[in-house]
1. Return the pair list, or none, for Cβ contacts closer than 7 Å from residues in region 151-175 that are in contact (Cβ under 8 Å) with a residue 24 or more places away in the chain and under 21 Å from residue 130 (Cβ atoms) to residues that are part of a helix (DSSP H, G or I) and aromatic (Phe, Trp, Tyr), at least 6 apart or on different chains.
2. The conditions are (1) outside the structural domain of residue 30 (by TED's automatic domain parsing); (2) touching a residue at least 12 places away in the same chain (Cβ under 8 Å), and residue 99 fails exactly one of them. Which is it?
3. What is the number of the single condition among (1) charged (D, E, K, R); (2) under 12 Å from residue 42 (Cα atoms); (3) out of contact with any helix residue (DSSP H, G or I) (no Cβ under 9 Å at 6 or more places or on another chain) that residue 80 does not meet?
4. Name the single residue that is surrounded by the most Cβ atoms within 10 Å (Cβ to Cβ) among those in region 94-119 being of a type in the set (Val, Ile, Thr) and outside any loop (DSSP other than H, G, I, E, B).
5. Give region 268-289 a look and list any residue that's closer than 27 Å to residue 51 by Cα and touching a residue at least 40 places away in the same chain (Cβ under 8 Å), or say none.
6. Looking only at residues in region 129-147 that are of a type in the set (S, T, N, Q) and out of contact with any Asp or Glu (no Cβ under 8 Å at 6 or more places or on another chain), which one is surrounded by the most Cβ atoms within 10 Å (Cβ to Cβ)?
7. Could you list, in sequence order, all residues of region 50-77 that are assigned to a loop (DSSP other than H, G, I, E, B) and surrounded by fewer than 21 Cβ atoms within 10 Å (Cβ to Cβ)?
8. For residues in region 159-184 being surrounded by fewer than 19 Cβ atoms within 10 Å (Cβ to Cβ) and at pLDDT below 95, which is nearest to residue 203 (Cα to Cα)?
Amino acid sequence: MAEDTDVLPNLPETGLLLIGMGPGTVAGMTLEAIQAAKQATHRRYEAYTALWPESELDLLEQRIGSIQRVMRPEVEQPDELFTLAKNSLVALLVVGDPLQATTHVDLQLQAIEHDIECRVFHGVSITTIVTGAVGLSNYRFGRQTTLTYPYGGWIATSPLEMIAVNKARGLHSLVLFDLDPTGQGTGEQRPMKPRDAKHSFQSMWNKLDEHLNQFEKESDTILIAVQEAMFKALLNENMDDLPVVLCSDMGTQDQEIVFTTVGGLEHLEGGRLNCLLVPAWMSEVEEKALLRWKQE
């Protein structure tokens, strides 16, 4: 094909290329990203913040050349990457857009400190796909969060707190799902399923409710008092009836959207990679858009 025979101009001879892979298919990558990866001397696939299907990885490898997987330690402690980048061109392939995660922004900054040229080739991200695909207004989303597995019996309540704050402000929430039950980022990943998400919701709900009841007293500051009021407003709702939109394998042929509730997640299989939207109050157009995905 033409794009495989063309040489991408102005690439450095040495350095680091941060390349966005898009949502999950070779067809979803930009031609520029594919060509940059092909021209690199070494290709590393960052396989802990998100995952591609094995079949698509095989297709990509046929297109651009051999790819080696790296996990969290190799990216957060990038000595090997930087050693290679000093004398050759290294491509780090990242699912979605390469600068959506703080880890990769930090890698970019470290490369600059080591006098290593770093180029970025952006890709389509879940954050740019999911809002429009579902039908909720993009400008009405608050901060996104990630729903985590309980690690050693410990569960973070911060995702639920973020949802509560967004909801109180009339803002929708994008909730990404964890894919590493160990929290170590070294392998043995198991992307969170809808029923896992429901159980995490329940654990967070119980823990936050217990925390608020245990430490209920006159708040030290107005800000803390306002935040606690936001948390309580969410906890006063019935958790199982809380409306959510399950989005699975977005941007691929297997894409599926289901408008359901937290309780309904227990009975859904979901896809390879899943995330949730938690709507706040909705306009008439948004309500009509979501009804397309309502599960009977």
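The values are calculated or read from the model by the stated rules, or taken from the named source; none is laboratory data. What you see is a predicted model; the values in this text were computed from it and never measured. Please note: Cβ atoms are built from the backbone with ideal geometry, for glycine as well, and neighbour counts cover all protein chains shown.
1. Note: pairs meeting the criteria are 160/205; 164/231.
2. (1)
3. The number of the failed condition is (3).
4. The selected residue is 94.
5. Residues satisfying the conditions are 268, 269, 270, 272, 273, 274, 275, 276, 277, 278, 279.
6. Filtering first and then ranking leaves 145.
7. Passing the criteria: 51, 53, 65, 66, 67, 71, 77.
8. Residue satisfying both the conditions and the ranking: 181.
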